[in-house]
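These notes are about the structure you will find just below.
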Amino acid sequence: PVLFYVHTPFCEQLCYFCLCSKEITQNYEKVKNYLYKYLSKEFDLLEKHLAENNIKFNFKEIYLGGGSPTYYKEKEFKYLITRLKKIIDFTKLGDFTIEIDPRRVDEEKLIFYHEQGVNRLSFGIQDFDLGVQGEINRIQPPELLEKLLTPRVRKLFPVINFDLLIGLPKQSKKTITNTINTVIDLKPSQLQTMYVHYKPSTRKYMIKMVRNEPMLDFFDRKTVFETASDLLLKGGYSRAGFESYSLPSDPLAISIKEKKAVYNSLGTQKGEAVNFIAVGSSAHGVLNDQFYFQNYYEQNLYRDSLLEGKFPIYRGKKMSKDDVIRREVIRHIRTFFNV
(Lines give C-alpha, C1' and ligand atoms only; values in the text may rest on other atoms or scores of the structure.)
Protein backbone atom coordinates (compact mmCIF):
# COMPACT_ATOMS: atom_id res chain seq x y z
CA PRO A 1 0.00 0.00 0.00
CA VAL A 2 1.22 3.49 -0.94
CA LEU A 3 0.43 7.00 0.31
CA PHE A 4 0.65 9.74 -2.30
CA TYR A 5 1.88 13.03 -0.82
CA VAL A 6 1.56 16.40 -2.59
CA HIS A 7 3.46 19.41 -1.25
CA THR A 8 2.27 22.98 -1.81
CA PRO A 9 5.04 25.36 -0.68
CA PHE A 10 3.05 28.59 -0.29
CA CYS A 11 1.39 30.43 2.60
CA GLU A 12 -0.24 33.86 2.81
CA GLN A 13 1.20 34.66 6.24
CA LEU A 14 4.27 33.60 8.21
CA CYS A 15 3.83 31.63 11.45
CA TYR A 16 6.96 32.06 13.58
CA PHE A 17 7.01 28.42 14.79
CA CYS A 18 6.98 26.94 11.28
CA LEU A 19 9.69 24.56 10.06
CA CYS A 20 7.91 23.68 6.81
CA SER A 21 9.44 24.40 3.43
CA LYS A 22 7.36 27.30 2.09
CA GLU A 23 7.31 30.76 0.53
CA ILE A 24 5.19 33.56 1.98
CA THR A 25 3.37 35.36 -0.81
CA GLN A 26 0.18 37.24 -1.55
CA ASN A 27 0.72 36.69 -5.27
CA TYR A 28 -1.64 33.90 -6.33
CA GLU A 29 -0.06 33.81 -9.79
CA LYS A 30 2.99 32.17 -8.17
CA VAL A 31 0.78 29.42 -6.76
CA LYS A 32 -0.90 28.86 -10.14
CA ASN A 33 2.44 28.84 -11.95
CA TYR A 34 3.80 26.23 -9.53
CA LEU A 35 0.78 23.98 -10.07
CA TYR A 36 0.26 24.28 -13.81
CA LYS A 37 3.85 24.54 -15.00
CA TYR A 38 5.95 22.56 -12.53
CA LEU A 39 3.93 20.26 -10.28
CA SER A 40 2.00 19.20 -13.37
CA LYS A 41 5.32 18.45 -15.10
CA GLU A 42 6.35 16.20 -12.19
CA PHE A 43 3.04 14.36 -12.56
CA ASP A 44 3.82 13.89 -16.27
CA LEU A 45 7.25 12.42 -15.50
CA LEU A 46 5.77 10.06 -12.90
CA GLU A 47 2.97 8.88 -15.22
CA LYS A 48 5.49 8.25 -18.00
CA HIS A 49 7.86 6.38 -15.68
CA LEU A 50 5.09 4.13 -14.36
CA ALA A 51 3.82 3.37 -17.86
CA GLU A 52 7.25 2.67 -19.39
CA ASN A 53 8.22 0.33 -16.54
CA ASN A 54 4.79 -1.29 -16.18
CA ILE A 55 4.58 -0.25 -12.53
CA LYS A 56 1.18 -0.21 -10.87
CA PHE A 57 1.27 1.13 -7.34
CA ASN A 58 -1.40 0.18 -4.83
CA PHE A 59 -2.39 3.73 -3.87
CA LYS A 60 -4.40 3.64 -0.63
CA GLU A 61 -4.06 7.18 0.75
CA ILE A 62 -3.58 10.77 -0.41
CA TYR A 63 -2.18 13.55 1.78
CA LEU A 64 -2.10 17.20 0.70
CA GLY A 65 0.40 19.12 2.82
CA GLY A 66 2.30 22.38 2.82
CA GLY A 67 2.69 25.23 3.21
CA SER A 68 -1.04 25.68 2.82
CA PRO A 69 -2.88 23.45 0.33
CA THR A 70 -5.98 25.49 1.27
CA TYR A 71 -4.34 28.31 -0.73
CA TYR A 72 -5.68 26.79 -3.97
CA LYS A 73 -8.89 28.28 -5.30
CA GLU A 74 -11.58 25.91 -6.57
CA LYS A 75 -10.44 25.92 -10.20
CA GLU A 76 -6.85 24.99 -9.31
CA PHE A 77 -7.93 22.45 -6.70
CA LYS A 78 -10.17 20.70 -9.25
CA TYR A 79 -7.23 20.62 -11.67
CA LEU A 80 -5.06 18.97 -8.99
CA ILE A 81 -7.76 16.35 -8.37
CA THR A 82 -7.95 15.67 -12.12
CA ARG A 83 -4.20 15.02 -12.21
CA LEU A 84 -4.41 12.73 -9.17
CA LYS A 85 -7.18 10.69 -10.77
CA LYS A 86 -4.98 9.98 -13.79
CA ILE A 87 -2.72 7.77 -11.67
CA ILE A 88 -4.90 6.89 -8.66
CA ASP A 89 -8.14 4.91 -8.55
CA PHE A 90 -10.24 6.94 -6.10
CA THR A 91 -12.66 4.03 -5.59
CA LYS A 92 -9.88 2.13 -3.79
CA LEU A 93 -8.78 5.00 -1.54
CA GLY A 94 -8.85 4.92 2.23
CA ASP A 95 -7.88 8.25 3.82
CA PHE A 96 -7.68 11.38 1.68
CA THR A 97 -6.34 14.12 3.95
CA ILE A 98 -5.90 17.84 3.45
CA GLU A 99 -4.14 20.15 5.91
CA ILE A 100 -6.43 23.04 6.80
CA ASP A 101 -5.56 26.60 7.74
CA PRO A 102 -8.83 27.50 9.55
CA ARG A 103 -8.28 31.19 8.81
CA ARG A 104 -8.55 30.61 5.05
CA VAL A 105 -11.65 28.40 4.70
CA ASP A 106 -15.36 28.42 5.44
CA GLU A 107 -17.98 25.67 5.73
CA GLU A 108 -18.70 25.87 2.01
CA LYS A 109 -15.06 25.25 1.09
CA LEU A 110 -14.83 22.23 3.41
CA ILE A 111 -17.93 20.76 1.76
CA PHE A 112 -16.29 21.45 -1.63
CA TYR A 113 -13.25 19.42 -0.54
CA HIS A 114 -15.54 16.50 0.33
CA GLU A 115 -17.14 16.71 -3.11
CA GLN A 116 -13.65 16.34 -4.59
CA GLY A 117 -12.99 13.16 -2.61
CA VAL A 118 -11.37 14.42 0.62
CA ASN A 119 -12.58 12.52 3.70
CA ARG A 120 -10.13 13.54 6.45
CA LEU A 121 -9.30 17.05 7.72
CA SER A 122 -6.18 18.04 9.64
CA PHE A 123 -6.43 21.50 11.25
CA GLY A 124 -3.39 23.56 12.21
CA ILE A 125 -4.41 24.76 15.68
CA GLN A 126 -1.14 25.01 17.70
CA ASP A 127 -2.82 26.75 20.69
CA PHE A 128 -6.10 28.48 21.52
CA ASP A 129 -4.66 31.03 23.97
CA LEU A 130 -4.69 34.49 22.38
CA GLY A 131 -1.48 35.49 24.18
CA VAL A 132 0.38 32.48 22.79
CA GLN A 133 -1.15 33.06 19.36
CA GLY A 134 0.18 36.62 19.40
CA GLU A 135 3.72 35.39 20.08
CA ILE A 136 3.64 32.99 17.12
CA ASN A 137 1.81 35.37 14.72
CA ARG A 138 -1.21 33.12 14.26
CA ILE A 139 -4.44 34.59 15.60
CA GLN A 140 -7.38 32.18 15.29
CA PRO A 141 -9.93 32.24 18.13
CA PRO A 142 -11.89 29.09 19.08
CA GLU A 143 -15.05 30.65 17.61
CA LEU A 144 -13.47 30.20 14.18
CA LEU A 145 -13.45 26.43 14.64
CA GLU A 146 -16.94 26.39 16.10
CA LYS A 147 -18.24 28.02 12.91
CA LEU A 148 -16.36 25.53 10.71
CA LEU A 149 -17.18 22.28 12.52
CA THR A 150 -20.89 22.31 11.81
CA PRO A 151 -23.02 19.14 12.09
CA ARG A 152 -22.89 18.80 8.32
CA VAL A 153 -19.08 19.04 8.19
CA ARG A 154 -18.71 16.54 11.04
CA LYS A 155 -21.00 14.10 9.22
CA LEU A 156 -19.00 14.39 5.99
CA PHE A 157 -15.63 14.07 7.76
CA PRO A 158 -15.74 11.37 10.48
CA VAL A 159 -12.00 11.81 11.10
CA ILE A 160 -10.89 15.31 12.11
CA ASN A 161 -7.38 15.93 13.41
CA PHE A 162 -6.03 18.90 15.39
CA ASP A 163 -2.29 19.70 15.45
CA LEU A 164 -1.13 21.31 18.71
CA LEU A 165 2.36 22.52 19.67
CA ILE A 166 3.90 22.09 23.12
CA GLY A 167 6.61 24.46 24.37
CA LEU A 168 5.55 27.74 22.75
CA PRO A 169 6.38 31.07 24.44
CA LYS A 170 3.78 32.16 27.03
CA GLN A 171 2.41 28.64 27.35
CA SER A 172 1.87 27.56 30.93
CA LYS A 173 -0.06 25.02 32.94
CA LYS A 174 -2.95 27.50 33.06
CA THR A 175 -3.01 28.37 29.34
CA ILE A 176 -2.72 24.76 28.17
CA THR A 177 -5.55 23.79 30.54
CA ASN A 178 -7.81 26.33 28.83
CA THR A 179 -6.64 25.21 25.38
CA ILE A 180 -7.25 21.51 26.08
CA ASN A 181 -10.66 22.21 27.62
CA THR A 182 -11.55 24.04 24.41
CA VAL A 183 -10.24 21.11 22.35
CA ILE A 184 -12.36 18.67 24.36
CA ASP A 185 -15.42 20.85 23.74
CA LEU A 186 -14.72 20.91 19.99
CA LYS A 187 -14.08 17.14 20.08
CA PRO A 188 -11.78 16.34 17.14
CA SER A 189 -11.38 12.58 16.72
CA GLN A 190 -7.55 12.78 16.64
CA LEU A 191 -4.86 15.02 18.14
CA GLN A 192 -1.15 15.42 17.52
CA THR A 193 0.47 17.24 20.47
CA MET A 194 3.95 17.82 19.09
CA TYR A 195 6.87 19.43 20.88
CA VAL A 196 7.90 22.63 19.11
CA HIS A 197 11.33 22.45 17.46
CA TYR A 198 13.14 25.77 17.82
CA LYS A 199 15.74 25.99 15.06
CA PRO A 200 16.70 29.61 14.25
CA SER A 201 19.94 28.42 12.62
CA THR A 202 17.90 27.37 9.55
CA ARG A 203 14.73 29.46 10.10
CA LYS A 204 16.04 32.86 11.23
CA TYR A 205 12.54 34.31 11.65
CA MET A 206 11.98 31.93 14.59
CA ILE A 207 13.83 34.41 16.83
CA LYS A 208 10.68 36.56 16.58
CA MET A 209 9.00 34.02 18.86
CA VAL A 210 11.34 35.01 21.68
CA ARG A 211 11.11 38.79 21.24
CA ASN A 212 9.11 39.06 24.50
CA GLU A 213 9.77 35.82 26.39
CA PRO A 214 12.21 32.92 26.04
CA MET A 215 11.22 29.46 24.86
CA LEU A 216 10.05 27.14 27.64
CA ASP A 217 12.83 25.12 29.24
CA PHE A 218 12.77 21.32 29.46
CA PHE A 219 10.98 21.20 32.82
CA ASP A 220 8.24 23.64 31.81
CA ARG A 221 7.70 21.93 28.45
CA LYS A 222 7.24 18.61 30.20
CA THR A 223 4.84 20.17 32.73
CA VAL A 224 2.74 21.62 29.90
CA PHE A 225 2.77 18.30 28.03
CA GLU A 226 1.79 16.24 31.08
CA THR A 227 -0.98 18.71 31.96
CA ALA A 228 -2.37 18.41 28.42
CA SER A 229 -2.05 14.62 28.47
CA ASP A 230 -3.84 14.23 31.82
CA LEU A 231 -6.71 16.45 30.70
CA LEU A 232 -7.11 14.60 27.40
CA LEU A 233 -7.19 11.21 29.10
CA LYS A 234 -9.79 12.46 31.59
CA GLY A 235 -11.72 14.01 28.67
CA GLY A 236 -12.28 10.66 26.97
CA TYR A 237 -9.26 10.42 24.68
CA SER A 238 -6.84 7.49 24.63
CA ARG A 239 -3.12 7.71 23.98
CA ALA A 240 -2.09 6.79 20.44
CA GLY A 241 1.67 6.91 20.59
CA PHE A 242 4.07 9.36 22.21
CA GLU A 243 2.41 12.61 21.14
CA SER A 244 -0.92 11.50 19.65
CA TYR A 245 -4.41 10.96 21.07
CA SER A 246 -7.69 9.74 19.67
CA LEU A 247 -11.24 9.02 20.66
CA PRO A 248 -11.79 5.30 21.41
CA SER A 249 -14.01 4.87 18.33
CA ASP A 250 -11.50 6.49 15.95
CA PRO A 251 -9.62 4.29 13.41
CA LEU A 252 -6.30 5.35 14.98
CA ALA A 253 -7.31 4.00 18.40
CA ILE A 254 -8.36 0.73 16.78
CA SER A 255 -5.05 0.44 14.91
CA ILE A 256 -3.17 1.01 18.18
CA LYS A 257 -5.06 -1.89 19.79
CA GLU A 258 -4.34 -4.09 16.78
CA LYS A 259 -0.64 -3.06 16.81
CA LYS A 260 -0.88 -1.79 13.23
CA ALA A 261 -0.23 1.91 13.88
CA VAL A 262 3.05 3.46 12.75
CA TYR A 263 4.81 6.76 13.42
CA ASN A 264 6.09 8.76 10.44
CA SER A 265 6.63 12.36 9.38
CA LEU A 266 2.85 12.92 9.38
CA GLY A 267 2.51 11.87 13.03
CA THR A 268 1.06 8.64 14.34
CA GLN A 269 -0.89 7.04 11.50
CA LYS A 270 -3.11 3.97 11.42
CA GLY A 271 -0.49 2.17 9.30
CA GLU A 272 -2.51 1.44 6.19
CA ALA A 273 0.28 2.77 3.95
CA VAL A 274 3.96 2.88 4.98
CA ASN A 275 5.30 3.55 1.48
CA PHE A 276 5.25 7.17 0.25
CA ILE A 277 5.34 8.57 -3.26
CA ALA A 278 5.84 12.32 -2.88
CA VAL A 279 5.69 15.20 -5.36
CA GLY A 280 6.37 18.89 -4.97
CA SER A 281 9.40 20.87 -3.81
CA SER A 282 11.04 19.40 -0.66
CA ALA A 283 8.66 16.40 -0.66
CA HIS A 284 10.21 13.14 0.52
CA GLY A 285 9.16 9.56 -0.06
CA VAL A 286 10.03 6.01 0.93
CA LEU A 287 9.68 2.77 -1.03
CA ASN A 288 9.76 -0.85 0.07
CA ASP A 289 10.40 0.56 3.56
CA GLN A 290 14.05 0.72 2.48
CA PHE A 291 14.68 3.50 -0.06
CA TYR A 292 14.30 7.16 0.92
CA PHE A 293 14.35 10.03 -1.56
CA GLN A 294 13.75 13.78 -1.39
CA ASN A 295 13.11 16.59 -3.86
CA TYR A 296 14.97 19.90 -3.94
CA TYR A 297 13.99 22.42 -1.29
CA GLU A 298 15.00 25.37 -3.46
CA GLN A 299 12.24 26.16 -5.92
CA ASN A 300 14.68 27.35 -8.60
CA LEU A 301 16.47 23.97 -8.53
CA TYR A 302 13.13 22.15 -8.41
CA ARG A 303 11.95 24.06 -11.48
CA ASP A 304 15.20 23.71 -13.42
CA SER A 305 15.26 19.95 -12.95
CA LEU A 306 11.69 19.58 -14.22
CA LEU A 307 12.34 21.82 -17.23
CA GLU A 308 15.23 19.50 -18.10
CA GLY A 309 12.82 16.55 -17.97
CA LYS A 310 14.37 15.05 -14.83
CA PHE A 311 12.83 14.02 -11.55
CA PRO A 312 13.69 16.82 -9.07
CA ILE A 313 15.27 14.39 -6.58
CA TYR A 314 18.47 15.69 -4.99
CA ARG A 315 19.25 13.05 -2.39
CA GLY A 316 18.38 9.52 -1.35
CA LYS A 317 19.40 6.71 0.97
CA LYS A 318 19.27 2.94 0.88
CA MET A 319 18.70 1.60 4.39
CA SER A 320 21.06 -1.03 5.73
CA LYS A 321 19.68 -3.93 7.77
CA ASP A 322 20.93 -2.17 10.90
CA ASP A 323 19.14 1.06 9.85
CA VAL A 324 15.86 -0.84 9.42
CA ILE A 325 16.13 -2.50 12.84
CA ARG A 326 17.04 0.79 14.53
CA ARG A 327 14.10 2.58 12.90
CA GLU A 328 11.68 -0.18 13.90
CA VAL A 329 12.85 -0.01 17.53
CA ILE A 330 12.39 3.79 17.58
CA ARG A 331 8.97 3.57 15.93
CA HIS A 332 7.82 0.88 18.34
CA ILE A 333 9.00 2.73 21.43
CA ARG A 334 7.26 5.98 20.49
CA THR A 335 4.09 4.23 19.31
CA PHE A 336 3.64 1.37 21.78
CA PHE A 337 6.14 2.32 24.55
CA ASN A 338 8.01 -0.99 24.40
CA VAL A 339 10.44 -2.91 22.22
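The values are calculated or read from the model by the stated rules, or taken from the named source; none is laboratory data. Predicted, not measured: the structure shown is a model, and the values here were computed from it. As a convention, Cβ positions derive from the backbone with ideal geometry for all residues, glycine included, and neighbour counts pool all protein chains shown. Heads up: the accessible areas ignore ligands, DNA and RNA and are worked out on the full protein's heavy atoms, side chains in. Shrake-Rupley method; radii C 1.70, N 1.55, O 1.52, S 1.80 Å.
Key figures
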item	result
Highest-fluctuation residue, E298, E272, E61 considered, GNM on the chain with Cα pairs under 10 Å	E298
Within the chain, percent of DSSP bridges classed antiparallel, to nearest 5	35 percent
Hydrodynamic radius of the stretch 57-170 per Kirkwood, over alpha carbon pairs, in Å	15.2 Å
Only Lys, Arg (+1) and Asp, Glu (-1) charged, at Cβ; the stretch 228-335 dipole about Cα centre in debye	300 debye
Estimated [θ] at 222 nm from DSSP helical runs (n ≥ 4, -39500 (n - 2.57)) normalised by residues in the chain, nearest 500	-11000 deg cm²/dmol
Dipole magnitude (debye, nearest 20) for the chain, charges at Cβ of Lys, Arg, Asp, Glu	420 debye
Whole-number percent relative contact order across the chain, with pairs defined as alpha carbons under 8 Å at least 6 apart	18 percent
Dipole magnitude of the stretch 1-137, debye to nearest 20 (Cβ charges: Lys/Arg +1, Asp/Glu -1, about Cα centre)	660 debye
Solvent-accessible area, 1.4 Å probe, carbon plus sulfur percent, for the chain	52 percent
Value of relative contact order over the stretch 1-89, rounded to a whole percent, pairs C-alpha under 8 Å and six or more apart	50 percent
Proximal aspartates and glutamates relative to K147, as straight alpha-carbon distance under 20 Å, when same-chain residues fewer than 8 apart are discounted	E99, D101, D106, E107, E108, E115, D127, D129, D163, D185
Diffusion coefficient, µm² s⁻¹, Stokes-Einstein with Kirkwood Rh over alpha-carbon pairs of the stretch 158-297 at 25 °C and 0.890 mPa s	146 µm²/s
Computed Rg/Rh of the stretch 60-105, alpha carbon atoms with Kirkwood Rh	0.98
Over the chain: Rg over Rh, Cα atoms, Kirkwood Rh	0.95
The stretch 232-339: mean projected area of Cα convex hull, nm²	8.4 nm²
Extension reserve of the D230-K155 stretch, reckoned as 0.36 nm per residue once the Cα distance is removed	24.2 nm
Of M194, M215, M319, the one that fluctuates the most in a GNM where the chain has Cα springs shorter than 10 Å	M319
Highest-fluctuation residue, L266, L64, L186 considered, GNM on the chain with Cα pairs under 10 Å	L266
Anchor K56: aspartates and glutamates whose Cα lies under 12 Å away (excluding residues fewer than 8 positions away in-chain)	E47, D89
Accessible surface, per residue, of the stretch 85-195 when the full set of protein chains is kept, probe 1.4 Å, Å²	40 Å²
